[in-house]
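Asks: Below is the structure I would like to discuss, written out as structure tokens.
Just so it is clear, none of the values below were taken in a lab; they were calculated from the coordinates. This structure is a prediction, so every number in the text was calculated from the model and none was measured.
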Amino acid sequence: MQIQGPSSFIGTQPLFPTVTPPGGETKPGGAAVDFGKAVREAVNSVEQQQGKAAVSIQDLLSGNGDILPVVTEVAKADMSFKLLMAVRNKVIEAYKQTINMQI
């Protein structure tokens, strides 16, 4: 049995992994095609998750279904909404810092 140290893993993982935007499209340089499109897709995804959570709540209230899937859907929707708000806050903060830069 041969034991490998952590140095055997160095170089196998990229330092900065390539991130594909939600649309899956990238330019040859690896940059996202359109920031606005990525934001719209993220908002639409959150909206869909909110809709799924609302439907599962309605199903539970009408007596169709179990509580565990409802809690799961609501937790997913809540987490995605919180993430969207955190990204929004970071974008606004970056915008404010850019506006306040000295020329």
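Asks: Applying the Karplus parametrisation 6.51 cos²θ - 1.76 cosθ + 1.60 with θ = phi - 60° to the phi angles of the range 60-76, what ³J(HN,Hα) value in whole Hz is obtained for each residue in order, glycine and proline being reported as x?
Replies: Listing the rounded values in order: 5, 5, 7, x, 9, x, 10, 7, 4, x, 5, 4, 5, 5, 5, 5, 4 Hz.
Asks: Right, another one. For Lys96 and Ala75, calculate 0.36 nm times their separation in residues minus their Cα-Cα distance, and state this gained length in nm to one decimal.
Replies: Taking Lys96 through Ala75 to full extension adds about 4.4 nm, to one decimal.
Asks: Compute from the Cα atoms of the range 33-103 the Rg and the Dmax, the latter being the longest Cα-Cα distance, and quote both in angstrom.
Replies: So, for the range 33-103, Rg and Dmax equal 17.2, 63 Å respectively.
Asks: So which aspartates and glutamates pass the test for Lys52, namely a Cα distance under 14 Å, with those fewer than 8 places away in the same chain ruled out?
Replies: In chain and number order, the partners are Glu73, Asp78.
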